[in-house]
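Notes follow the structure.
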Amino acid sequence: MAEWEKLIPRPKSAFLRVKCLKCGNEQIIFSHAVNRVACNVCGAELAEPAGGKATIKGEIVTIFE
């Protein structure tokens, strides 16, 4: 089974649970977000697109793989 793990590539993207720095709200966002992601409660920016991987401006709580 270890040979298959080497042959099949794993995705480099993941879903992240990010905590807003202003209000403390936790929200799930995509690590390679194409659009700006705003907090649902206060409207602060949580992620900004940066060509490939998004720039996360909040605190990453959990990474879902």
For this session: Treating cross-link reach as a plain straight distance, find the lysines whose alpha-carbon is under 23 Å from the alpha-carbon of K12, omitting any fewer than eight places away in the same chain.
Result: K53, K57
Exercise. Which FRET efficiency value, to the nearest 0.05, do you get for T62 and C23 by plugging their Cβ-Cβ distance into 1/(1 + (r/R0)^6) with R0 = 22 Å?
Worked result: 0.75
Problem set entry | Computed [θ] at 222 nm, helices only, for the chain once each DSSP H run of length n ≥ 4 contributes -39500 (n - 2.57) | -2000 deg cm²/dmol
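Using the Cα centre as the reference, give the magnitude of the dipole from point charges on the C-beta atoms of the range 19-64 (Lys, Arg: +1; Asp, Glu: -1; all else neutral), rounded to the nearest 20 debye.
Details: 5 positive and 4 negative charges, 9 e Å.
Once rounded to the nearest 20, the dipole reads 40 debye.
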Exercise. What number comes out for the charge environment of K19, summing +1 per Lys or Arg and -1 per Asp or Glu over other residues with Cβ under 15 Å away?
Worked result: 0
Seminar exercise, completed: The residues I29, I8, I60, sorted from fewest to most surrounding Cβ atoms within 10 Å, come out as I8, I60, I29
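The numbers here are math on the coordinates, done by the rules we state, and not lab data. Note that the structure is a prediction, hence the values are computed from the model and not measured. Quick reminder, even Gly has a Cβ in these numbers, built from the backbone with ideal geometry, and neighbours come from all protein chains shown.
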